[in-house]
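A short worksheet on the structure shown next.
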Amino acid sequence: MANLHFTLDKSAGKLLAQIAQEHLLCNIDPKKAIETFTMSLNDLPVEMAIKLLSGELVIEVEDDGVNVNVVSRDENKHSDYPKPDFVDWYLFQHKEIRRSGDRIRLGLEELQRSISIHRGSFDFEFNYQALGKFIIKNDITEIEDIIDSDPRVENMRRMFKLSDAYLRKTYKLFNVFDFLEHTYPQQINPFNGCVPGTRYPIINRIEMKLKALIEYDYELIEATIREEDEGIKKHIESAQDIEKELRNIIQPSDIKLNYSAGWLDPNGFFYGLNGEISNMLHMNLADAIREKYKVEKGTDIGENPDRWLEEHGWVKIHGNWILYSGYDESRFNRKDIPLTDCQKNSLVAYGNVCHKGILKIGYQKEAIPAARLNIVDDIMLRKYFSL
């Protein structure tokens, strides 16, 4: 029998890295990602496979096409080797979990209301032919077709499938999050905007709603709807209170009066409102600032004023939580907008007077002394406010 010989292409190392990274980030399977290296290269330690996966090490194929070397990455030589951005992927997936979860929650709430309105019963019409086949021949094909084609049934089936797929994917993602948090702590940490161990209430809410629907727990469905109705009522009342307060052209406020929410402009002028629903307060404030610009400057900042404020260096404030996207503009190929000295001074005074000197910074709510904003450089501020 003839011996079979083969050689490796020079790109074999790059291909292995790409396959491993796809197992991790696309197939959401850390075990297969590591095994891509350990099963392809005999006696390769797991520690080296971890560094190959991150791109810190790379595989070079020698000229003979048989032997390989694992070497440190050199950007001058290995720029075409894949190097995943675990931080961007981690943050994006966390956002998607929240965003997709909100959509599914709304769909399940609509389904719950539909079931509640019909008191748990749906009526179907069957023609005589379908009933005849069922009675005489025990053939339920046409009856099943009629039920399956009903939009109410289709919506129910769709929501169950979407919810199940969402929960399955989310728990697989949490396995990858845990893997990244423990394997690459130098990347997945609060300084890069990542908070290890983060879990979201939206997941429990979806599980509870899905369980109530599957088991038809009518009392739980009704209790959930009452809770949602109370939230809607509070939302309307808050909107009415805000409308009364914003009848006139908005004027700057004293940030140290501790408003519920507000915007701080680059010149240190603060516009605030009191109320319970922070998103509504910020959106209404943004609309009021838009009207102020129209009247006083003859400028319309556009249909999405809150986004315009974020893109033009305004700081978003809710209690002791401070959000600022100016340091993330470079992600969108725009020039970053650092905090101004006026903004820093206002925030330091606000934190000291209203919140015992402590502010929560960025989407991950990193708690820091307010005075630090006037001490650290823009590199550290970028880390604090990173998305």
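Throughout, read-outs are computed from the coordinates displayed, never taken from laboratory work. From a predicted model like this one, the values you see are computed outputs, not experimental measurements. With ideal geometry, Cβ positions are generated from the backbone for all residues, glycine too; neighbour counts draw on all protein chains shown.
What are the ³J(HN,Hα) values, in whole Hz, obtained from phi via the Karplus relation 6.51 cos²θ - 1.76 cosθ + 1.60 with θ = phi - 60°, for each residue of region 73-79 in sequence order, with x given for Gly and Pro?
These are the phi-based 3J(HN,Hα) values: 5, 10, 4, 5, 9, 10, 5 Hz.
What's the exposure ranking of Trp263, Trp321, going from fewest to most Cβ atoms within 10 Å?
Values: Trp263 24, Trp321 16.
So the residues, fewest neighbours to most, are Trp321, Trp263.
How much net charge surrounds Trp314 when only the other residues with a Cβ under 10 Å from the Cβ of Trp314 are counted, with Lys and Arg +1 and Asp and Glu -1?
Values: positive: Lys316; negative: Asp265, Asp306, Glu310, Glu311.
After counting each charged neighbour, the total is -3.
To the nearest 0.05, how large is the calculated FRET efficiency for Phe160 and Asp85 if R₀ is 41 Å and r is the Cβ-Cβ distance? Numbers along the way, then the final one.
On the way: r = 35 Å, r/R0 = 0.85.
Computed FRET efficiency for Phe160 and Asp85 comes out at 0.75.
Assuming R0 = 35 Å, can you tell me the calculated FRET efficiency for the pair Leu257 and Glu329, based on Cβ-Cβ distance, to the nearest 0.05? Don't skip to the end; give the middle numbers.
Working: r = 30 Å, r/R0 = 0.87.
According to the calculation, E is roughly 0.70.
Given Lys256/Lys316; Lys10/Lys77; Lys95/Lys172; Lys14/Lys383; Lys256/Lys360, which pairs have Cα atoms separated by over 20 Å? Please list the in-between numbers first.
Numbers: Lys256/Lys316 15 Å; Lys10/Lys77 13 Å; Lys95/Lys172 15 Å; Lys14/Lys383 31 Å; Lys256/Lys360 16 Å.
From Lys256/Lys316; Lys10/Lys77; Lys95/Lys172; Lys14/Lys383; Lys256/Lys360, over 20 Å: Lys14/Lys383.
Could you list which residues have their amide H under 5 Å from that of Glu366, counting only those 5 or more apart in sequence or on another chain, with H placed in the peptide plane?
Under 5 Å from the amide H of Glu366: Ile361.
State, in angstrom, two size descriptors of region 339-381 derived from its alpha carbons: Rg to one decimal place and Dmax to the nearest whole number.
9.7, 27
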